[in-house]
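**Student:** My structure is below; once you've seen it, I'll send some questions.
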Amino acid sequence: MKQLKETAQKIKSMEIRGAGRIARTAAAELRDYAGRLKTSDLVEFNKMMEHAAGLLVSTRPTAVSLPNAVRAVMRYEGGTVDEAKADIKKLAGDFIANSENAVKRIGEIGARRVREGDTIMTHCNSSAAISIMAAAHAQGKNINVIATESRPRMQGHLTIKQLDTLGIKTSLIVDSAVRYFMKDVDLVVMGADAVTVNGSVINKIGTSQVALAAHEARKNVIIAAETYKFSPRTILGELVEIEERDSSEVLGAEKLRGFPNVDVKNPAFDVTPREYIDLICTEVGAIPPEMAYVIIKDHLGWEIKEMNSAIGNRTNHQKH
Ligand code: RUB
């Protein structure tokens, strides 16, 4: 229980972050948690697994990869605890391996859209988006990247570090300079926390502004997203919750107390309508956002069936 809680806390506090990484971490934690359970009573075991699954899913509400990963592991079967544990181990292992391969494959597919000499703008820190830049660079294409800071948590600093290690020439800019620099950009590549059935993309706050500026300047926007970032629940009309994070990430509590008429709003993600997205690059191919339904149907179809029998009831702060 202690390790489960620690993992959940690491995801909540963003020590472990990024939609793909939190999904893989949750799958691994369910596997390890199951392995640590001592009971031989299957009913009790199932109950404890349900509790662990619920705790992990509750840590961050927007990244659909997280419930998708948890459900992929929680499909386990078995007539005994040992059989259930073995199935959980397999399902978690498959999810993690598929996820890692997906990021690599997205890089290979997405890099085909990158031309020699391109300047790519990116926002936040997405492993799938960086995989495209890394693959293009590895193919010998001479690329430049413009990376935003991504306030308030400055994930752009992680991005520039990774790109620097890869030897990719990168400029760091403040978020408000996106439109100023858009004229120098050939291609925008960003990640996703969730993709809805209508092809909208939910990603780090500011993503929709970058996409809007790109649209105005007629620059292509590619979203790098594994198929498990697509949200089957949106087929049933459910909306993706936008995580509102603590005000202290933007303005310290002490400073804020000095302004009795001021509050801080800190949504962590926003929604980019499909009109501003040219392609969503997944591990099974680069698709127009209008084809999101097909990805959900073909790759998460089992989830739709399961959901039809048990529609969750999450309470949301803000929905889109
Ligand atoms: C991270 C973020 C990333 C996506 C995709 O937000 O918005 O663009 O999660 O990342 P946060 P990846 O820092 O709040 O988790 O491609 O690595 O899954």
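**Student:** Within the range 111-134, take every residue that is assigned to a helix (DSSP H, G or I) and more than 11 Å from L163 (Cβ to Cβ) and give me the one that is farthest from the ligand (Cβ to nearest atom). Outline the logic, then answer.
**Tutor:** Narrowing the range 111-134 to residues assigned to a helix (DSSP H, G or I): 111, 127-134.
From what is left, the residues that are more than 11 Å from L163 (Cβ to Cβ) are 111, 127-128, 131-132.
Details: A111: 15, S127: 3, A128: 4, S131: 8, I132: 10 Å.
Looking at residues that are assigned to a helix (DSSP H, G or I) and more than 11 Å from L163 (Cβ to Cβ), I get A111.
**Student:** Take the conditions β-branched (V, I, T), in contact with a strand residue (DSSP E or B) (Cβ under 9 Å, 6 or more places away or on another chain) and either buried (at least 16 other Cβ atoms within 10 Å of the Cβ) or not assigned by TED's automatic domain parsing to the domain that holds A128 (or both) and apply them to V103. Does it pass?
**Tutor:** Details: β-branched (V, I, T): yes; in contact with a strand residue (DSSP E or B) (Cβ under 9 Å, 6 or more places away or on another chain): yes; either buried (at least 16 other Cβ atoms within 10 Å of the Cβ) or not assigned by TED's automatic domain parsing to the domain that holds A128 (or both): yes.
It is true that V103 is β-branched (V, I, T), in contact with a strand residue (DSSP E or B) (Cβ under 9 Å, 6 or more places away or on another chain) and either buried (at least 16 other Cβ atoms within 10 Å of the Cβ) or not assigned by TED's automatic domain parsing to the domain that holds A128 (or both).
**Student:** Follow-up. Could you count how many residues in the range 143-167 are closer than 19 Å to I222 by Cα and either surrounded by fewer than 17 Cβ atoms within 10 Å (Cβ to Cβ) or away from the ligand (no atom under 16 Å from the Cβ) (or both)?
**Tutor:** 2
**Student:** Restricting the first residue to the range 189-203 and requiring it to be farther than 14 Å from A128 by Cβ and hydroxyl-bearing (S, T, Y), which pairs with a second residue that is in a loop (DSSP other than H, G, I, E, B) and within 14 Å of the ligand (Cβ to nearest atom) meet a Cβ separation below 8 Å and a spacing of at least six or different chains?
**Tutor:** T196/S231; T196/V240
**Student:** Still on this model: Could you give every pair whose Cβ atoms fall below 8 Å, whose first residue belongs to the range 29-46 and is on the phi > 0 side of the Ramachandran plot, and whose second residue is crowded, with 16+ Cβ neighbours inside 10 Å and part of a helix (DSSP H, G or I), counting only separations of at least 6 or pairs across chains?
**Tutor:** That search, which allows pairs on different chains as well, returns nothing.
**Student:** Take the conditions within 16 Å of the ligand (Cβ to nearest atom) and either more than 17 Å from the chain's Cα centre (by Cα) or modelled with pLDDT under 95 (or both) and apply them to V210. Does it pass?
**Tutor:** Details: within 16 Å of the ligand (Cβ to nearest atom): yes; either more than 17 Å from the chain's Cα centre (by Cα) or modelled with pLDDT under 95 (or both): yes.
Taking the combined requirement at face value, the residue satisfies it.
**Student:** Let me ask something additional. Out of the range 158-174, which residues are touching a residue at least 12 places away in the same chain (Cβ under 8 Å) and under 16 Å from S126 (Cα atoms)? Give the derivation first.
**Tutor:** At the first step, the residues of the range 158-174 found to be touching a residue at least 12 places away in the same chain (Cβ under 8 Å) are 158-160, 162-163, 166-174.
Correct list: L158, T159, I160, Q162, L163, L166, I168, T170, L172.
**Student:** Follow-up question, since we're still on this one. Within the bounds of the range 80-102, is there any residue that is at pLDDT 95 or above, more than 16 Å from the ligand (Cβ to nearest atom) and not in a helix (DSSP H, G or I)?
**Tutor:** The answer is yes; a qualifying residue exists.
**Student:** Next up: Is there any pair linking a residue in the range 290-310 that is without any contact (Cβ under 8 Å) to a residue 60 or more places away in the chain and over 15 Å from K229 (Cα atoms) to one that is in a helix (DSSP H, G or I) and not basic (K, R), with Cβ under 6 Å and at least six apart or on different chains, and which?
**Tutor:** none
**Student:** Among the numbered conditions (1) assigned by TED's automatic domain parsing to the domain that holds I205; (2) farther than 28 Å from Q209 by Cβ; (3) in a helix (DSSP H, G or I), tell me where S176 comes up short.
**Tutor:** It fails just one condition, (2).
**Student:** From the list T159, T165, which one is part of a helix (DSSP H, G or I), within 16 Å of the chain's Cα centre (by Cα) and not charged (D, E, K, R)? Working first, answer last.
**Tutor:** Details: T165 fails: within 16 Å of the chain's Cα centre (by Cα).
Unique residue meeting the criteria: T159.
**Student:** Considering each of V145, V114 in turn, give the residue that is free of Cβ contacts under 8 Å to residues at least 60 places away in the same chain, touching a strand residue (DSSP E or B) at 6+ places or on another chain (Cβ under 7 Å) and over 30 Å from E29 (Cα atoms). I'd like the intermediate steps shown before the answer.
**Tutor:** On the way: V114 fails: free of Cβ contacts under 8 Å to residues at least 60 places away in the same chain.
Checking each option against the conditions leaves just V145.
**Student:** Among the residues of the range 15-40, which ones are away from the ligand (no atom under 11 Å from the Cβ) and touching a Lys or Arg at 6+ places or on another chain (Cβ under 9 Å)?
**Tutor:** Once the filter is applied, which keeps residues that are away from the ligand (no atom under 11 Å from the Cβ) and touching a Lys or Arg at 6+ places or on another chain (Cβ under 9 Å), the range 15-40 yields T25, R31, A34, G35, L37.
**Student:** Of the numbered conditions (1) of a type in the set (A, V, I, L, M); (2) within 14 Å of the ligand (Cβ to nearest atom); (3) over 28 Å from I96 (Cα atoms), A217 satisfies every one except a single condition; which is it?
**Tutor:** (2)
**Student:** Pick from the range 179-188 the residues that are in contact (Cβ under 8 Å) with a residue 40 or more places away in the chain and more than 15 Å from the ligand (Cβ to nearest atom): which of them is surrounded by the fewest Cβ atoms within 10 Å (Cβ to Cβ)?
**Tutor:** Looking at residues that are in contact (Cβ under 8 Å) with a residue 40 or more places away in the chain and more than 15 Å from the ligand (Cβ to nearest atom), I get D184.
**Student:** Do we find that E83 is under 23 Å from R233 (Cβ atoms) and over 21 Å from the mean Cα position of the chain (by Cα) in this structure? Give the steps one after another, and end with the answer.
**Tutor:** Numbers: under 23 Å from R233 (Cβ atoms): no; over 21 Å from the mean Cα position of the chain (by Cα): yes.
No: the conditions fail for E83.
**Student:** Scanning for something in contact with a helix residue (DSSP H, G or I) (Cβ under 9 Å, 6 or more places away or on another chain), polar (S, T, N, Q), within 30 Å of G285 (Cα to Cα) and within 16 Å of the ligand (Cβ to nearest atom), does the range 49-58 turn up at least one residue?
**Tutor:** No, every residue in the range 49-58 fails to be in contact with a helix residue (DSSP H, G or I) (Cβ under 9 Å, 6 or more places away or on another chain), polar (S, T, N, Q), within 30 Å of G285 (Cα to Cα) and within 16 Å of the ligand (Cβ to nearest atom).
The values are calculated or read from the model by the stated rules, or taken from the named source; none is laboratory data. Being a predicted model, the structure only gives us computed values, none of them experimental. Note that we place each Cβ from the backbone using ideal geometry, even for glycine, and neighbour counts take in every protein chain shown.
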